[in-house]
Amino acid sequence: MIEIGIDSFAAKPSKLGISDSQAMSELIERIEVADKAGLHVFGMGEHYRKEFLDSASSMILAVAAARTKQIILSSAVTVLSAADPVRVYQNFATLDLISNGRAEIVAGRGSFIESFPLFGLNLNEYDEIFTEKLDLLLKINETEFITWQGRYRAPLNNQPICPRPMQNKLPIWLGVGGTPESFIRAGKLGMPLMVAVIGGETHRFRPLIDLYKQAGAQAGYGPGQLKVGLHSLGYVANTAEKAIEDYYPGYEEMFTKIGKERGFPPVSIERFHAQNGFTGALCVGNPEEIAAKILRHSAALGGISRFTFQMDAGIPHDKLLQAIELIGSKVIPLVNK
């Protein structure tokens, strides 16, 4: 079975004329509806930009935990470099207790760098900070009493870390973009892998997935431990034409803005259609098309265990609710029949 769900960055829908408070309330309602519709997972991102409301993602998930019954509640991703691994663990262990064992962490470095100046971090130590903090987080997950020493945090001497989660251990995935070193790291650690593919063609990530599995096998981990998840931009409506009509304007605005920051050309409808085509990474269309595309992506990558839609594109709340219902009633059954 492929688990299917949604990742949200709690984007502020500035053009919809609603307050941040209302946007947050609607986000919680979408998580409730996703739970009732039978989606498997809902992930909350973590950003430090004014256009997103997800800087305290574990708090949003905790509210959702009290209002849902079965959906997995995950980060997407926890920007571990900017956090204390002890506090990350405590927050998600508490979330696990509130949710009766439904909490997960996707740990990553994030695609933006605002957290570094915000928390006084040295961007030149980008990888060293993340490596050390990931090591500590994984050690805490293994045992309650920790003795540990590093460069970027005070040492721990047989210190108990509590509370402990309801689950024996928190599921911790490694969120990655496109660097081979990140895939190899996940394999060596035997961590499930969450791959963010937000553009281009998904099958081009297959060599990186193979590196992950090779590194995992060499470290002694079996196929059952080396799970692969896929995070993609997407949206579902009753027809492909309606899906594109709803999704494209917000997508064009968001990625043109990000492109200016990073030196990319402006988004065009032709480029959008190319990336939403047969092998493209975007998953915008009707339920039948999207179910078939998820299965193609899975085959191209050698099999995936999880697929999450990222639907933040300035789409009104009622349309997002309809998309969630379609994912639950049509996409999931078509993928897993």
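Tabulated results
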read-out	value
Helices (runs of 4 or more DSSP H) contained in segment 197-280 and holding at least 3 residues in contact with a Phe, Trp or Tyr (Cβ under 9 Å, 6 or more places away or on another chain)	206-218, 240-262
Of all residues in segment 7-27 being surrounded by 15 or more Cβ atoms within 10 Å (Cβ to Cβ) and in contact with a Lys or Arg (Cβ under 8 Å, 6 or more places away or on another chain), the one that is nearest to H317 (Cα to Cα)	A23
Test for E325: is it modelled with pLDDT of 95 or more, surrounded by fewer than 18 Cβ atoms within 10 Å (Cβ to Cβ) and among the acidic types (D, E)	yes
Of all residues making up segment 207-224, the number that are surrounded by 13 or more Cβ atoms within 10 Å (Cβ to Cβ) and out of contact with any Leu (no Cβ under 6 Å at 6 or more places or on another chain)	8
Among the candidates A313, A291, A281, residue that is crowded, with 22+ Cβ neighbours inside 10 Å, touching a helix residue (DSSP H, G or I) at 6+ places or on another chain (Cβ under 8 Å) and under 13 Å from L230 (Cβ atoms)	A281
Inter-residue pairs, beta-carbon under 9 Å, first under 12 Å from V88 (Cα atoms) and at pLDDT 95 or above and in segment 158-178, second among the β-branched types (V, I, T) and surrounded by fewer than 15 Cβ atoms within 10 Å (Cβ to Cβ), 6+ apart	I161/T143
Among (1) free of Cβ contacts under 8 Å to residues at least 24 places away in the same chain; (2) out of contact with any helix residue (DSSP H, G or I) (no Cβ under 9 Å at 6 or more places or on another chain), the one test that Q322 misses	(1)
Segment 114-152, residues that are closer than 19 Å to E181 by Cα and of a type in the set (V, I, T)	I129, T131
Failed item, numbered, when L230 is tested on (1) surrounded by fewer than 22 Cβ atoms within 10 Å (Cβ to Cβ); (2) within 21 Å of L39 (Cβ to Cβ); (3) in contact with a helix residue (DSSP H, G or I) (Cβ under 7 Å, 6 or more places away or on another chain)	(1)
Single match in R30, R49 (criterion: under 18 Å from the mean Cα position of the chain (by Cα), modelled with pLDDT of 95 or more and of a type in the set (D, E, K, R))	R30
Subset of segment 268-278 [surrounded by 15 or more Cβ atoms within 10 Å (Cβ to Cβ) and either among the polar types (S, T, N, Q) or over 17 Å from Y248 (Cα atoms) (or both)]	Q275, N276
Selection count, segment 90-126, where residues are more than 18 Å from the chain's Cα centre (by Cα) and either without any contact (Cβ under 8 Å) to a residue 40 or more places away in the chain or within 19 Å of C162 (Cα to Cα) (or both)	16
Residue count for segment 209-257, restricted to those that are without any contact (Cβ under 8 Å) to a residue 12 or more places away in the chain and of a type in the set (V, I, T)	1
Given (1) more than 21 Å from the chain's Cα centre (by Cα); (2) in contact (Cβ under 8 Å) with a residue 40 or more places away in the chain, number of the condition T308 does not satisfy	(1)
The listed residue being under 21 Å from the mean Cα position of the chain (by Cα) and without any contact (Cβ under 8 Å) to a residue 40 or more places away in the chain, out of K260, K293	K293
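Quick grid of which residues meet (1) farther than 18 Å from E3 by Cβ; (2) among the aromatic types (F, W, Y); (3) at pLDDT below 95:
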| position | (1), (2), (3) |
| --- | --- |
| G38 | no, no, no |
| S57 | yes, no, no |
| R67 | yes, no, no |
| G101 | no, no, no |
| R109 | yes, no, yes |
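The values are calculated or read from the model by the stated rules, or taken from the named source; none is laboratory data. Keep in mind that what you see is a predicted model, and the values were worked out from it rather than measured. Virtual Cβ from ideal backbone geometry, glycine too; neighbours counted across all protein chains shown.
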